[in-house]
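Here the structure is laid out as structure tokens; the discussion comes afterwards.
Just so it is clear, none of the values below were taken in a lab; they were calculated from the coordinates. All values reported here derive from a predicted model rather than from experimental measurement. Cβ placement follows ideal geometry from the backbone for every residue including glycine, while neighbour counts extend to all protein chains displayed.
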Amino acid sequence: MTIAMISLIAVQMYWINSAFSIKNEELLRTASIALQSFALKLEKQETLQAIKSSKELHKNIKDSVFKSPRSNQRYTTNNQKINKESKILESNDIAESYLIALKSEGIIKRISDYNIHKIIQSEFSKLGILAPFYWGLVDTKKSNIVYAEHSVFSEELIHSMLYVQLFPHDILASNYRLSVIFPEIQAYIIDSLSIFLLGSAACILLIMGIFSISISSLLKQKKLSKMKADFIDNMTHEFQTPLATISLASEALRDQEILESELTRNRFLDAIHKENSRLSKHVDLILQIATLEDKSIPLILESVNMHEILEIAIDKQLINIRNKGGKINSVFLANHSTIHGDSHHLFNVFTNLLDNACKFSKDFPDITIKTENTKFDILIQISDKGIGIKKEDHKKIFDRFYRVITSNRHDVKGFGLGLSYVHSIVTMHKGSVSIQSHAKNGSTFSVKLPLEQ
Ligand code: ADP
């Protein structure tokens, strides 16, 4: 997949690069045509100028011939006629020699009367080139710059591949050429390719987006399947123990001797009852989660006094805590404790939290349940002095099947479903659950539920 993505991006880059070179070549080719046409135009303008000057000269001569002080006199003699023709011929010679003189003048002087930049620009824009440019006059013999519109670009102008021979029809070819450079050619090409580049960038981003989504969903799938495998592993273990105990106890009860002794019989019946309720607790939890999965769990909402719910949950957990030699403190400071909720699920929520507080306390559980009111809520905090949870696990513990690595083993029983259930139920009550904990420093789970209005 990575190779496919890299190849796709490489192909895109190759196309962008090719498009850039093609556009560059096309620009230079078109500019070269425009320069040829500029050179012809300039030459034409110079010739027209020369003809105009020659005509004026002609006129002056004509005037001097025909409108001389004696022009009113009629030319009757042959001598006078010859005189007139020779003067006209003389005037033609003068125009021609003016043109020759003009052409032999220095190139800078010849172009100085024209706005070269403007003429080139008009030729460029006729062919659709709008890029800014600078021109310069290069002496090809000496390979140096004679004139540059912008001296910073002298070197570039000398080596520019875009040039034209000025006055191409001069009899003697001049060793000057007019060179042009586009200082912002890259920006101009990028600008003209912007739609293509944007399309390519969008394609690359799309590919990268799809790629990262695929990778992240692949990793998620991998993580989920590992968590599911852990869950099945845990569940098998959790179900196997009570089933084995029940099977052994019921087998033993077949024994006549045991049946006759009331004490032993009751011990086995108690064991069966205990393991059975443990099994039904597991089944309940799995069913709860399965119901939450399709989000169709119906809450039976009524007025619920949270202090009462907490008392029942504490009572249920008390034996467990005392068996471990621990204690539980209730600090009920909330003046308002009635909320609109489902008592059954809320009871399960606090049973889960208390069960965890007890399970994850190493030696003797020391648990505190504290309630207080904020403006619109009741805040219930369950603190323990147990093994605590590292910061990086805080968010993950509410994920389904997630168990912190140390609790993945069978030393602390569980499926990694309890906190996910807690989170779902509290959220369904428009409340929130958060955790403050540090590894080895105990944990506090805070549940905030909106008070009944
Ligand atoms: P389970 O208790 O079945 O493992 P939970 O969803 O209830 O699953 O808890 C997820 C994980 O969060 C636990 O495996 C444990 O690592 C961690 N955890 C929960 N409560 C506590 C607590 N009070 N102290 C330390 N770790 C806890």
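Count the DSSP beta bridges whose two residues both fall in the chain, then state the antiparallel fraction as a percent rounded to the nearest 5.
Working: 38 of 44 bridges.
Approximately 85 percent, going by the DSSP bridge assignments.
If you average 1/r over every pair of different alpha-carbon atoms in the chain and take one over that average, what Kirkwood value in Å do you get?
Details: mean 1/r = 0.0307 Å⁻¹.
Kirkwood radius, the chain: 32.5 Å.
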Dipole-positive endmost among Ala334, Gln288, Tyr402 within the chain (Cβ charges, Cα centre): Tyr402
Ascending count of other beta-carbon atoms within 10 Å, so fewest first, for Met161, Met13: Met161, Met13
Interchain or long-range residues, amide H under 5 Å from Lys327's placed H: Asp366, Ile367
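Quick check on region 298-450: what are the equivalent-ellipsoid semi-axes from the Cα gyration tensor, as sqrt(5λ), descending, whole Å? Don't skip to the end; give the middle numbers.
Numbers: eigenvalues 114, 61, 41 Å².
Result for region 298-450: semi-axes of 24, 18, 14 Å.
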Gain on full stretching of the segment that runs from Glu257 to Leu218 - 0.36 nm per residue minus C-alpha separation: 8.1 nm
When each of Lys226/Lys395; Lys223/Lys448; Lys391/Lys448; Lys226/Lys391; Lys109/Lys142; Lys228/Lys396 is checked by Cα-Cα distance, pairs over 25 Å: Lys223/Lys448
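If packing is taken as the average number of other Cβ atoms within 10 Å across a peptide's residues, how do 376-389, 324-337 rank, most packed first? Spell out each step's value before the answer.
Working: 376-389: 20.2, 324-337: 14.2.
Output ranking for 376-389, 324-337: 376-389, 324-337.
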Helix runs (DSSP H) in the chain reaching 24 Å along axis by Cα, Kyte-Doolittle at least -1.0: 2-66, 78-103, 194-252, 262-293, 306-323
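Beta carbons within 10 angstrom, averaged per residue: use that to sort the peptides 127-137, 2-12, highest first.
Working: 127-137: 17.3, 2-12: 11.8.
Per-residue mean Cβ counts within 10 Å order the peptides as 127-137, 2-12.
What ranking do Asp315, Asp170 get, fewest neighbouring Cβ atoms within 10 angstrom at the top?
Asp315, Asp170
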Region 313-437: antiparallel DSSP beta bridges as a percent of all, rounded to 5: 50
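Counting other beta carbons within 10 Å of each Cβ, put His159, His307 in order, fewest first. Working shown, then result.
Values: His159 11, His307 16.
In order of increasing Cβ crowding within 10 Å: His159, His307.
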